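Chemist: Submitted below is the structure of interest, expressed as structure tokens.
The values are calculated or read from the model by the stated rules, or taken from the named source; none is laboratory data. Predicted model only: the values in this text are computed from it and were never measured. Quick reminder, even Gly has a Cβ in these numbers, built from the backbone with ideal geometry, and neighbours come from all protein chains shown. Side chains included, ligands, DNA and RNA excluded: accessible areas come from the protein's heavy atoms. Shrake-Rupley method; radii C 1.70, N 1.55, O 1.52, S 1.80 Å.
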Amino acid sequence: AALKKSAVDYMHPEVGVTTTDATVFGRNYFNRASAPEMEDDEDAEERVLVLAEAAALKKSAMDYMHPEVGVTSADGACFGRNYFNRPSAPETEEDEFADERAEIL
């Protein structure tokens, strides 16, 4: 049961963590009312960059964890040519004929 719970927790991070243990809670020294507000322009720009990178990583993680969603793109540079199924491709030999030729040789 514990292994199944761990597997479900790993595969579904969107569920979140719930706890009622009083020793888990602590004091937040950053959001308290008496905390001084200090943030200069350089830190603000860095925060914006970090949040943008975190959003990109979250999108990559969602793409990795949910491959059934698929990839959508309209950029012309990302489409390639299929050299195996094109009409001018040479005919490939079927497995039956390849096995027969291998027996003869």
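Chemist: Just to make sure I understand: if all protein chains stay in place, what is the order of R86, R27, R47 by accessible area at 1.4 Å, largest first?
Modeler: Ranking R86, R27, R47 by accessible area, largest first, yields R27, R47, R86.
Chemist: Separate question: Not counting ligands, DNA or RNA, and with a 1.4 Å probe, what is S88's accessible surface area in Å² rounded to the nearest 10?
Modeler: Approximately 80 Å² for this residue.
Chemist: Over the chain, with a single point scatterer placed on each C-alpha, what log10 of the ratio I(q)/I(0) does the Debye formula yield at q = 0.13, 0.14, 0.18 1/Å?
Modeler: -0.96, -1.02, -1.16
Chemist: Next question, about the same structure. Where nothing but the Cβ of Lys and Arg (+1) and of Asp and Glu (-1) is charged, how large is the charge dipole of the chain around its Cα centre, in debye to the nearest 20?
Modeler: It comes to approximately 660 debye.
Chemist: Right, something else. For the stretch 63-70, in order, what is each residue's ³J(HN,Hα) by Karplus, 6.51 cos²θ - 1.76 cosθ + 1.60 with θ = phi - 60°, in whole Hz (x at glycine and Pro)?
Modeler: 5, 6, 6, 10, x, 5, 5, x
Chemist: Moving on to the next point. Can you send over the solvent-accessible area of D21, 1.4 Å probe, protein chains only, in Å² to the nearest 10?
Modeler: Rounded to the nearest 10, that gives 80 Å².
Chemist: When ligands, DNA and RNA are left out and all protein chains stay put, how many square angstrom of accessible area per residue does the chain have with a 1.4 Å probe?
Modeler: 103
Chemist: With a 1.4 Å probe and all protein chains kept in place, how do H66, H12 rank by accessible area, largest first?
Modeler: These residues rank, largest area first, as H12, H66.
Chemist: Something else: Could you state the principal axis extents of the C-alpha atoms in the stretch 37-77, from the largest down, to the nearest angstrom?
Modeler: On the principal axes, the stretch 37-77 reaches 44, 26, 10 Å in Cα extent.
Chemist: I've got another one for you. Using only the heavy atoms of the protein chains and a 1.4 Å probe, how would L3, L51 rank by accessible area, largest first?
Modeler: Of L3, L51, the descending order of accessible area is L3, L51.
Chemist: Quick one: grab the alpha carbon gyration tensor of the stretch 1-49, order the square roots of its eigenvalues as a ≥ b ≥ c, and give me rounded if a/c is under 1.5, else prolate or oblate depending on whether a/b is larger than b/c.
Modeler: Oblate is the answer for the stretch 1-49, as a/c is 1.5 or above yet b/c matches or exceeds a/b.
Chemist: In square angstrom, rounded to the nearest 10, how much accessible surface does E45 have for a 1.4 Å probe?
Modeler: Looks like 120 Å² after rounding.
Chemist: Counting only protein heavy atoms and using a 1.4 Å probe, what share of the accessible area of the chain belongs to carbon plus sulfur, as a whole percent?
Modeler: About 58 percent, which is the carbon plus sulfur part of the accessible surface.
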